[in-house]
Amino acid sequence: MKVTTMIQPNNWLGCLGGGQLGKMFSIKAQQLGYYVMVMDPNEDAPARSVANKWICADYSDQKALHYIAKNCSGVTTEFENVPAEVLGFFEKKLVVSPKQGAVRISQDRILEKEFLNKNGFKTSPFLSIKTGKEITNVDTETFFPGFLKVSRFGYDGKGQSLVDNTYSLRKSFERFGKTSCVLEKAIDLEKEISVILVRDFKGQIAFYPIIENRHRGGILDMSVVPASIPESVSEEAINISHQLASKLNYVGVMCVEFFLSRKDGLLVNEIAPRPHNSGHFSLDACEVCQFEQQVRALCQIPLGSTKLKASSAVMINLLGDIWSKGEPDWFDLFATSSAHLHLYGKRKAKNGRKMGHYTVLGESLETTKEEALKIRQSINSKT
């Protein structure tokens, strides 16, 4: 569908996916005057508590899809595993951001890696493994030690395994159900960083400050802004992300995750065609957060400022582990004026499940980090 005019407030927007990202999108859209219709197959999804209209249905449900198409002016998605053809269905009828082409590439690790390499973007060395025969037919030894990752539907460390020989590779491949995978050679990693950007239908792009990330068990643990990297690395990351968004003709909020290798410099890890966990700091730290930018891009509102309201920000994820003995004690967090708590409203706390996050703002990066870790220690000591 050709986009020509702004979607005015008091129109309906559709959101495919009702997780915490869909919930935060809905809240920001409502603040700007829109009504939000959320579709998700999980009846207990977090966005249900805030959606103006809740549709509990599978993404292949034709009745539900036609209802959204009839009543909404624009549609977005909160995660990349919505079938790309569903976005294609909506593209024929209303405004869609992001579009199916970009999502189709980023939801499959093999397609994504091939797209990146074909267009001159550096990645860690990788090998596609689609059948068990390829484990022995191809020279896999040069990729050890490495990480075997399922090509589709992997997230937060799930569907990933460290392998260092053919035997462990085969066992992991079998454990993943012999589905298509990517074997990525382990690199000499110095840092992990991410770039959050928003691109509108006219090709205008706004970038957030570069984020430095720390993971535990494959799950994002802490994000620090600004990243402690040389200016030359920062400029390169922004340039690569700009080129990527342009190559994909991307519209919406996108995250580009990078490995900073001591030997090979910046390598693109993966693309997330949506707001990203590492960008949650923007809810409290920036003049316009990534979720409002998602609304702005979809509705053709001029993009907002990505400027920091404080010199530094630290975001820490809250996993279900800390609820093992009941509700955590939030007193010290609430007693810290620079700290901001966001709980997602998930009904069941499970180990490794993202239940919320908090962000601490400050003028000194080291002091801000110390304050954030002090709060975590307080929470953990009382659980």
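In loop segments of region 170-203 as defined by DSSP, the trypsin sites (Lys or Arg not before Pro) with at most 15 further C-beta atoms inside 10 Å of their C-beta are Lys178, Lys202. Electrostatic tally near Ser124: other residues with Cβ closer than 10 Å to its Cβ, Lys and Arg +1, Asp and Glu -1, net +1.
Placing unit charges on the Cβ atoms of the charged side chains and taking the dipole of the chain about its Cα centre, the candidate lying farthest along the positive direction among Gln20, Leu373, Val195 is Gln20. Accessible surface of His357, taken over heavy atoms with a 1.4 Å probe and every protein chain present, rounds to 0 Å².
Among residues other than Asp58 with Cβ under 13 Å from its Cβ, the summed charge is -2 (Lys and Arg +1, Asp and Glu -1). On a per residue basis, the chain carries 44 Å² of accessible surface, using protein heavy atoms and a 1.4 Å probe. For Lys346, the lysines whose Cα comes closer than 24 Å to its Cα, not counting residues fewer than 8 places off in the same chain, are Lys23, Lys28, Lys53, Lys158, Lys325, Lys354, Lys382. For Phe89, neighbours were defined as the other residues whose beta-carbon sits under 15 Å from its Cβ, and their charges (Lys and Arg +1, Asp and Glu -1) total +2.
Cα to Cα, under 21 Å, and not fewer than 8 places away if on the same chain: which lysines meet these conditions relative to Lys263? Counting by Cα, and skipping residues close in sequence, Lys263 has these lysines nearby: Lys113, Lys122, Lys185, Lys191. Look at (1) 18.9; (2) 21.1; (3) 22.0: the one that is mean projected area of the Cα convex hull in nm² derived from this structure is (1). Given +1 at the Cβ of Lys and Arg, -1 at the Cβ of Asp and Glu and no other charges, the dipole of the chain around its Cα centre is 1100 debye to the nearest 20. The calculated 222 nm mean residue ellipticity attributable to helices in the chain amounts to -8500 deg cm²/dmol, summing -39500 (n - 2.57) over DSSP H runs of n ≥ 4 and dividing by all residues.
Dipole size of region 144-257 about its Cα centre, with +1 on Lys/Arg Cβ and -1 on Asp/Glu Cβ: approximately 700 debye, rounded to the nearest 20. Across region 169-192, the residues whose backbone nitrogen lies under 17 Å from the label position 7 Å along the beta-carbon direction of Asp264 are 182-192. Modelled spin labels at Ser128 and Lys202, positioned 7 Å past Cα toward Cβ, are 3.9 nm from each other.
Springs between Cα atoms under 10 Å define the GNM used for the chain, and in it the highest mean-square fluctuation of Lys325, Lys307, Lys149 occurs at Lys325.
Quick one: with all protein chains in place, what share of the accessible area of region 35-78 is carbon or sulfur, to the nearest percent (1.4 Å probe)?
43 percent
With +1 assigned to the C-beta of every Lys and Arg and -1 to the C-beta of every Asp and Glu, and no other charges, what is the dipole magnitude of region 288-383 about the Cα centre in debye, to the nearest 20? Charge dipole, region 288-383, about its Cα centre: 520 debye, nearest 20.
Taken along the Cα-to-beta-carbon direction at a fixed 7 Å, the label points for Lys325 and Asn351 span 1.7 nm. Counting only DSSP beta bridges with both residues in the chain, the antiparallel share comes to about 80 percent.
Residues whose amide H lies under 5 Å from that of Tyr155, counting only those 5 or more places away or on a different chain, are absent; hydrogens are built 1.01 Å from N in the peptide plane.
Identify the GluC sites (Glu not before Pro) of region 307-383 meeting these criteria: DSSP loop state and at most 15 other C-beta atoms within 10 Å of the C-beta. Sites meeting the loop and neighbour criteria: Glu363.
The values are calculated or read from the model by the stated rules, or taken from the named source; none is laboratory data. Just so we're clear, the structure is a prediction, and the values are computed from it rather than from any experiment. A quick note on method: Cβ atoms are made from the backbone with ideal geometry, for glycine too, and the neighbour counts reach across all protein chains shown. We work out accessible area using only protein heavy atoms, side chains counted, and drop any ligands, DNA or RNA first. Shrake-Rupley method; radii C 1.70, N 1.55, O 1.52, S 1.80 Å.
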